[in-house]
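Okay, so here's the structure we're looking at.
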Amino acid sequence: MLNLEEFKNSDKLTYVMGKDADGNMHYGNLRDNYNLVVFGKENEHTNNFVHSILLSLILKNSVNEVNFVMCDSKANSKFEV
């Protein structure tokens with residue numbers, strides 16, 4: 001997904017969302033939705049989605065260009081980096 005020309009030639013704030021059931025790729029852009037809330041039950045692949053956003057931003061931007069705040073409302077979060 002990250003190697004596709006469509007992603008490589010996209011805006012620096014584009015992130016990979018994944019594939020739908022038909023195999024079509026979906027991308028998001030933080031210019032369109034700069035406040036992003038991700039939620040779900042445990043083991044619902046929310047961590048995979050957050051990892052794909054972070055990886056997309058890291059691959060397309062330098063360290064000095066990426067700033068973000070990540071909050072987790074659960075005290076016993078199992079989010080692993």
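The values are calculated or read from the model by the stated rules, or taken from the named source; none is laboratory data. Keep in mind the model is a prediction, meaning the values are calculated, not measured. No Cβ is skipped: glycine too gets one built from the backbone with ideal geometry, and neighbour counts run over all protein chains shown. Note: areas computed on protein heavy atoms with side chains; ligands, DNA, RNA excluded. Shrake-Rupley method; radii C 1.70, N 1.55, O 1.52, S 1.80 Å.
State whether the residues of the range 49-66 include one that is at pLDDT below 80, open to solvent by less than 100 Å² (accessible area, probe 1.4 Å), among the β-branched types (Val, Ile, Thr) and not in a loop (DSSP other than H, G, I, E, B). Checked the range 49-66: no residue is at pLDDT below 80, open to solvent by less than 100 Å² (accessible area, probe 1.4 Å), among the β-branched types (Val, Ile, Thr) and not in a loop (DSSP other than H, G, I, E, B). Scanning the range 19-35 for residues that are in a loop (DSSP other than H, G, I, E, B), open to solvent by less than 70 Å² (accessible area, probe 1.4 Å) and within 24 Å of VAL69 (Cβ to Cβ) gives LEU30, ASN33. Across the range 1-18, the qualifying residues are those that are modelled with pLDDT of 85 or more and over 11 Å from the mean Cα position of the chain (by Cα), and the one among them that is nearest to PHE68 (Cα to Cα) is LYS12. Number of residues in the range 3-12 that are touching a residue at least 24 places away in the same chain (Cβ under 8 Å) and open to solvent by 50 Å² or more (accessible area, probe 1.4 Å) equals 1. Set side by side, the residues HIS26, HIS51 differ, and just one is under 20 Å from PHE7 (Cα atoms) and either touching a residue at least 60 places away in the same chain (Cβ under 8 Å) or touching a Gly at 6+ places or on another chain (Cβ under 7 Å) (or both), which is HIS26.
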